[in-house]
Amino acid sequence: MTPVAPASNTSEPVPNRAVPGDQNAGIDISAVTVVYGGPNGENVLALDGVDLRIADGEFVCLVGPSGCGKSTLLKVVSDLIPPTSGQVTIGGASPSEMRKAGRLGLVFQQANLMPWLTVGKNIDLLRSLVVGRGGHVPGTAPKASDLLDVVGLGGFGDKYPNQLSGGMQQRASLARALALDPAVLLMDEPFAALDEITRDRMAFELMRVWQLYRKTVLFVTHSLSEAVLLADRVVLMSPRPGRIRRVFEIDLPRPRTAETRLDERFHRLVLELNRELYAVLS
Ligand SMILES: Nc1ncnc2c1ncn2[C@@H]1O[C@H](COP(=O)(O)OP(=O)(O)OP(=O)(O)O)[C@@H](O)[C@H]1O
Ligand SMILES: [Mg+2]
């Protein structure tokens, strides 16, 4: 396990690490701007000069009002869209190099499992694709059966996605994201479609898995309390144009449990974030 490096949002570079074999990696987002073309020919400045350094093994949550650019930032880091200007490196490599090397673990709001494959085969799919292409599967990549146990789906490997609940499908999606032992986990509102009780359980499950593998995590959520519960740092963004408004250090001890939410510091942090969010909206 890699220890959590001190949280930092300074201009110090994340240490360069060789790609793609590294276990984990920091993320370095530097002056990232994204301009989308609007439907009537106008331009939308979705991100404006965003700088953020995420240390190796750190858990960072992105929050902010709808349209402030959270998903756009995650897409740039995931190599789903290129930045208009600025750059991102993950462990010293570009997102594109990392994606091609199978080093990015992605989890979205919808599990998007292949309905015709069993859960076990879904988790193994990336491995099969990489092997089929003659690519390299890291020796550290966990087996599907072990991952199923880790995410609490032991014994469900032969079921099909439609035989699982929404929460179970998201567990499978997390297991799939971990299947190639990625350097980072990039998660866009992964629990947003779940009911509140399941969502709550999933947050604790994710923390347990994170403590186990200690991946660098960038996690988008609308829930301020979820962000405070999960993160080492919470990054609040503001819209039009999308910028980082403030970074909150979450110095609550780990492991975090149901008790954490009874902690007076937890409430203070959520309140402070709430206040700042309302300031953004006003
Ligand atoms: N493909 C696109 N084409 C044009 N504009 C886009 C596109 N995707 C996003 N935008 C615009 O960019 C801005 C940021 O969008 P983004 O989806 O990143 O926000 P978000 O913070 O993830 O919002 P939400 O919380 O609702 O998911 C918004 O103004 C949005 O309308
Ligand atoms: Mg979004």
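Data overview
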quantity	calculated
Top-ranked residue of the range 80-117 - restricted to ones that are among the charged types (D, E, K, R) and open to solvent by 40 Å² or more (accessible area, probe 1.4 Å), ranked as nearest to ligand 2 (Cβ to nearest atom)	R99
Pair list, Cβ under 7 Å, 6 or more apart: the range 207-222 residue farther than 21 Å from E196 by Cβ and more than 16 Å from ligand 1 (Cβ to nearest atom), other residue open to solvent by 10 Å² or more (accessible area, probe 1.4 Å) and part of a loop (DSSP other than H, G, I, E, B)	Q211/P255; R214/M1; R214/T2; T216/D56
Whichever residue in the range 230-247 is charged (D, E, K, R) and closer than 27 Å to V209 by Cα and, among such residues, is least open to solvent (accessible area, probe 1.4 Å)	R233
Subset tally (residues that are open to solvent by less than 20 Å² (accessible area, probe 1.4 Å) and either hydroxyl-bearing (S, T, Y) or in contact (Cβ under 8 Å) with a residue 24 or more places away in the chain (or both)) for the range 248-257	3
Residues of the range 258-278 classified as assigned to a loop (DSSP other than H, G, I, E, B) and open to solvent by 60 Å² or more (accessible area, probe 1.4 Å), total	0
Which listed residue, of A227, A231, is away from ligand 2 (no atom under 16 Å from the Cβ), modelled with pLDDT of 95 or more, of a type in the set (G, A, S) and within 27 Å of R103 (Cα to Cα)	A231
Test: residue in the range 57-67 that is touching a Pro at 6+ places or on another chain (Cβ under 6 Å) and away from ligand 2 (no atom under 16 Å from the Cβ)	no
Out of L262, L185, sole residue that is in contact with a Ser or Thr (Cβ under 8 Å, 6 or more places away or on another chain) and either within 16 Å of ligand 2 (Cβ to nearest atom) or among the hydrophobic types (A, V, I, L, M, F, W, C) (or both)	L185
Residue selected from the range 203-221 under the condition outside any helix (DSSP H, G or I) and at pLDDT below 95, by the criterion nearest to ligand 2 (Cβ to nearest atom)	K215
Pair list, Cβ under 6 Å, 6 or more apart: the range 57-73 residue touching a residue at least 12 places away in the same chain (Cβ under 8 Å) and under 17 Å from D232 (Cβ atoms), other residue near ligand 2 (Cβ under 10 Å from one of its atoms) and part of a helix (DSSP H, G or I)	L62/K70
Close pairs from the range 174-203: first over 29 Å from T89 (Cα atoms) and open to solvent by 10 Å² or more (accessible area, probe 1.4 Å), partner of a type outside the set (A, V, I, L, M, F, W, C) and not in a loop (DSSP other than H, G, I, E, B), Cβ under 6 Å, at least 6 apart	L194/G166; L194/G167; T198/G167
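The values are calculated or read from the model by the stated rules, or taken from the named source; none is laboratory data. Predicted model, so just to flag it, every value in this text is computed and none were measured. When we count neighbours, we look across all protein chains shown, and the Cβ atoms used for this are built from the backbone with ideal geometry, even at glycine. When the accessible area is computed, the model is the full protein with side chains, heavy atoms only, and any ligands, DNA or RNA have been set aside. Shrake-Rupley method; radii C 1.70, N 1.55, O 1.52, S 1.80 Å.
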